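Asker: Could you have a look at this structure, given as C-alpha cells, before my questions?
Values quoted throughout were computed directly from the atomic coordinates according to the rules given, and no laboratory measurement underlies them. Here the structure is a predicted model, which means the values were calculated and not measured. All Cβ positions, even for glycine, are placed from backbone atoms using ideal geometry, and neighbour counts span all protein chains on display.
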Amino acid sequence: MAKFELKLPKMGESVAEATITSWLKDVGDSIEADEAVLEIATDKVDSEVPSEVDGVLVEKLFDVDDVVQVGQTIAIIETEGGGTVEIKAPASEPIKEEVPKAVAEVAQSVVAAKATTEPVISSGDRFYSPLVKNIAKEEGISQSELDAIHGTGKDGRVTKNDIKSYLQSRSSAPVEAPKSASKENVTQSAVEVQKEKAAKSSEKPASAPVVASGEDEIIEMTRMGKLISKHMVESVQTSAHVQSFIEADVTKIWNWRNKHKDSFKKREGENLTFTPIFMEAVAKALRDYPMMNISVQGDSIIKKKHINLGMAAALPDGNLIVPVIKDADQLNLLGMAKKVNDLANRARDNKLSPDDIQGGTYTVTNVGTFGSIMGTPIINQPQVGILALGAIRKVPAVIETPQGDFIGIRYKMFMSHSYDHRVVNGALGGQFVKAVKDYLEAWDSNREI
C-alpha cells in the first residue's frame, strides 16, 4: 500500500490560506479520484478539495476551523501499490554559532525546557492548530507562554507567523535570571516583550458599550458577514472616500431592451438584463480614463493593463460577492450578456471558483435592485473607484428640441461614483462618471444583438 499526501491546492493569486469548514469523509472511508474530501473557506469564496487518487482516508491532519496554508498536507490517503510518504514535522530554526551570550543562554534554556514542557492544549478561549502545537513542542514553549502570544489569525488565533515572531523576540530578549532559574523565569522577559507588542498592536479607540436586555435577540455574525465587516472597515481606513453623483436619461436603452428581450430569450435561452449594457459603458469609460483603472501601493500608483470589472451580486443569504468580468472592454454586447448571466447564476448557486473573484480593477454595484435611487458604496480594495447604479424611474422631464422645450415622460437613473481622493481628484472622478452617462444616453436604438 502507498500513502498519498492530500495538500491544500493553490486557489488563485493572493490566497495563501484557507479555513477547514467541514470534512466530507471520515477516516476509513473509501474515496474516488476527483471526489470531494473536505470543504474549505477563504476570505474570497467557499470551495471543495477533491482527492487526486482512489484510496482510503487513513488520517486527518487538521480539524474543522483550523487555518491551513496553501501547500500544506491536510490528509493522508492510502492507495494501492508500494511505497510510503514520510510526513515531516516542522523543524526548528538552527542556532548560529556566533550569537550573543544572552541569546545562547535562552537557547540553552529552551533546549532544557523541552524535556519538561507539558503538551499545549486548546481551551474554550484559545484554539491552537496542530502546526502551532508542533512548533511549540519543538521549541519548548509552555502553555502559559503560548497563551500570552497575540494572535493575528481568524478570531485571534495564533498563526505560524505569530509564533515565529515570538521566537525571534524571545531569542533577542535580555536574560537576567541565573541559570538555575525555572523555565518560566528564564522566558519571563521575552513574554513581557511579547505582551507589550501585543498591547500596542491591539490598541483601539474606546467604543460605547452595547447593553442587551433580556428581550433582545443576540445573533452571531456569519463567517462571510465577519469578513465583509472587516473588509469594509479596512477600506474606509485606507481610502479617502468622496462621491460624485449624476443623472442619466436611459429612455433609449429602456425601449431598446423591451424591443429585443423576448427574441433574445428565445434565441439564446437567457435573459437580457440592463447589467451588460451598463458594464459595457463603464468599460468604455475606463478605457477613456485609464487613471481610474489603478491601484495604490505605498507612494506608487499601479496602472492596470487589463480592465477587469467586478460585478457585485447578491447571495441567497443576503450577503454580497463580487465576481469579475476579465478584459471586459474586449467583449461585445452578446459576450458581455452571457458572461454576466453566467457569473450571476453561479454566484447564486455558490459555484464560483476562487479565480472568478480575483483580479478586479473596478467595481459596479446595482443598488437599484433593492429600490434605492442612489447610494454611497465603499471602495473594493485595492481598487480606487466603485459605481453604484440607482433604480430606473419613470419621471417628468424637460426635453430640449430644435422646435423648443416641452415636458415629457422619460426613464432616468442616478449614478453614484465613490473614488479614492488620495489619487483621484474631483475633476477625474466627475469626468469619468459623466463619460458613463454620455455612453448610455448616446445608445443606438437600431443596434442589433
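Asker: Check Glu35: other-chain or 5+ apart residues with amide H under 5 Å from its amide H, H built from backbone geometry?
Answerer: Amide H to amide H, under 5 Å and 5 or more residues apart or across chains, Glu35 pairs with Ser51.
Asker: ³J(HN,Hα) across region 319-335 via Karplus (A = 6.51, B = -1.76, C = 1.60, θ = phi - 60°), whole Hz, x for Gly/Pro?
Answerer: Each residue of region 319-335 in turn: 6, 10, 9, 10, x, 10, 8, 6, 6, 4, 6, 9, 9, 7, 5, 5, x Hz.
Asker: Sticking with the crude label model, points 7 Å out along Cα→Cβ, report the distance from Val398 to Glu217 in nm, one decimal please.
Answerer: 5.0
Asker: At what distance in nm do the modelled label points of Asn258 and Lys230 sit from each other, each positioned 7 Å from its Cα along Cα→Cβ?
Answerer: Roughly 4.8 nm, to one decimal.
Asker: Report the equivalent ellipsoid semi-axes for region 2-79 in whole Å, largest first, defined as the square roots of five times the eigenvalues of the gyration tensor built from alpha carbon atoms. Numbers along the way, then the final one.
Answerer: Values: eigenvalues 84, 28, 23 Å².
Whole-Å semi-axes of the equivalent ellipsoid: 21, 12, 11.
Asker: R0 = 60 Å: FRET efficiency of Lys7 with Asn271, Cβ-based, nearest 0.05?
Answerer: Working: r = 41 Å, r/R0 = 0.68.
FRET efficiency, Lys7 to Asn271: 0.90.
Asker: Which residues' amide hydrogens lie under 5 Å from the amide hydrogen of Lys7, considering only partners 5 or more residues apart or on another chain, with H built in the peptide plane?
Answerer: Amide H to amide H, under 5 Å and 5 or more residues apart or across chains, Lys7 pairs with Ile74.
Asker: With the cut-off at 18 Å, tell me which of the pairs Lys265/Lys338; Lys60/Lys133; Lys284/Lys394; Lys7/Lys60; Lys338/Lys434; Lys284/Lys434 have Cα atoms farther apart than that. Don't jump to the answer; show the numbers that get you there.
Answerer: Values: Lys265/Lys338 12 Å; Lys60/Lys133 15 Å; Lys284/Lys394 26 Å; Lys7/Lys60 11 Å; Lys338/Lys434 27 Å; Lys284/Lys434 12 Å.
Correct reply: Lys284/Lys394; Lys338/Lys434.
Asker: Further, regarding this structure: Could you give the distance between the Cα centres of region 411-439 and region 311-357, to the whole Å?
Answerer: Value for the Cα centre distance between the two parts: 23 Å.
Asker: Name the long-range amide H neighbours of Thr363: under 5 Å, sequence gap of 5 or more, or other chain; modelled H, no Pro or chain starts.
Answerer: Residues meeting the amide H criterion: Gly310, Gly385, Leu387.
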